[in-house]
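Taking it in order: structure first as structure tokens, then the write-up.
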Amino acid sequence: MTACKWNNEEELCFNLQKLYGGFGYQRYKMGKFEEYSLYLDNKNFLKSQSVITFNDHGGKLMALKPDVTLSIVKNAAPGQPRKVYYKESVYRPDKTTGEFREISQIGLELLGGVDDAATAEVLFLAAKSLEEIDDDYILDVAHPGVVAGLIEDCGAAGFAGELYAFVSAKNTHDLKNFCREKGVDETLSDKLAALVSCGGDCASALKTAEQAAGETKSLGILRSVCRAAEALGIADKIRLDFSIVGDADYYKGVMFTGYVGGSPYPVLSGGRYDKLAGKYGIDSGIGFALYLDQLSFYGGAKSGGTDAVVLYDDTTAPARVVAAVKKFADGGLTAAAVRSLPDGFGGKIEDLRRCADA
């Protein structure tokens, strides 16, 4: 039986900061804006090219930060491994409306010396971050090099973008038709389609990937990830998904996306970004972000935002209502006094209405 643990943002962040601190990550604080030139020089690394800009008193063009990782990497000391965590807001356009919005997130970055052990540690902390929200979670893991190798074999230099779009959408039907139109060998397109659609637990996904793409370096890295997950007791929460291709200018190694409670929207994402780190004299980098704004929606839908409700009506003495809420609070639960039961509420209920006493 699984359980939703989401209570409120403050409690979650407290627990996560304790978790990250226990692994040697230190709190990193930053300002709300950076010089616009930082984002202009690294526009290929941003999720959106749109940035909110303004001029300071000296006329310098500044920007509200659309990304946390860039700021951390830019200010990291070269040559020294650095482990930091943060709780910050970024400002990006909404994918649906295009309007800018503030996105609150908590996450961590490990800069320099990223090896198999560091990768396993970050993935473990990502999994435990999801577990702090809900026992029912999944961490999808991929390595873009596995798919990239097959696409290269297809001789797709001129139409790789279209193939990646089909891969990301898991649209194997149109992918195979497109490959046929482009004269791609049918055996190769079948292998690519099989790789994209396999997914699932580590053992079966690795077997399918080996049959489709061969034993590549990228696949070997995923094998190492799966072995570590097994040893750390989180293998049943790891799912390999080769449709995760990400941005080739950002992620060059392991990538991952986290989901909780059957939510169709990811609440966590991360991966390895050696190319970005290299621009600032750092050999490697890996990290993730947990999107607190998405969790606020998830928590409200999942638990009604409280552990308990006190039902009352006009006949209930106000002091009795307050005392009932206080009783739950004294027991370590969050409670709300309401006149009617919220739809789908599954927590504790104390009914003080007259009809309940009848």
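Values as computed for the structure displayed
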{"read-out": "Candidates Ala118, Ala127, Ala76, Ala63, filtered to the one that is open to solvent by less than 60 Å² (accessible area, probe 1.4 Å) and within 16 Å of the chain's Cα centre (by Cα)", "value": "Ala127"}
{"read-out": "Options Tyr91, Tyr85: the member that is surrounded by 15 or more Cβ atoms within 10 Å (Cβ to Cβ), closer than 27 Å to Asp134 by Cβ and at pLDDT 75 or above", "value": "Tyr85"}
{"read-out": "Among (1) open to solvent by 20 Å² or more (accessible area, probe 1.4 Å); (2) touching a helix residue (DSSP H, G or I) at 6+ places or on another chain (Cβ under 8 Å); (3) not charged (D, E, K, R), the one test that Thr69 misses", "value": "(1)"}
{"read-out": "Candidates Lys207, Lys176, filtered to the one that is in a helix (DSSP H, G or I), loosely packed, with under 14 Cβ neighbours inside 10 Å and either without any contact (Cβ under 8 Å) to a residue 40 or more places away in the chain or not charged (D, E, K, R) (or both)", "value": "Lys207"}
{"read-out": "Hits in the stretch 34-80 - residues which are within 19 Å of Tyr251 (Cα to Cα) and either of a type in the set (Ser, Thr, Tyr) or part of a strand (DSSP E or B) (or both)", "value": "Tyr39, Ser48, Thr69, Ser71"}
{"read-out": "The stretch 195-254, subset over 18 Å from Leu163 (Cβ atoms) and among the hydroxyl-bearing types (Ser, Thr, Tyr), residue farthest from the chain's Cα centre (by Cα)", "value": "Thr208"}
{"read-out": "Residue match in the stretch 95-103 (condition: farther than 30 Å from Thr172 by Cα, modelled with pLDDT of 85 or more and either assigned to a helix (DSSP H, G or I) or out of contact with any Ser or Thr (no Cβ under 6 Å at 6 or more places or on another chain) (or both))", "value": "no"}
{"read-out": "Qualifying residue in the stretch 150-162 (condition: within 18 Å of Gly271 (Cα to Cα) and either in the same structural domain as Asn8 (by TED's automatic domain parsing) or part of a loop (DSSP other than H, G, I, E, B) (or both))", "value": "no"}
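The values are calculated or read from the model by the stated rules, or taken from the named source; none is laboratory data. For clarity, every value in this text was computed on a predicted model and none was experimentally measured. Virtual Cβ from ideal backbone geometry, glycine too; neighbours counted across all protein chains shown. Ligands, DNA and RNA are stripped out before the accessible areas are found, and what is left, the full protein with its side chains, is counted by its heavy atoms. Shrake-Rupley method; radii C 1.70, N 1.55, O 1.52, S 1.80 Å.
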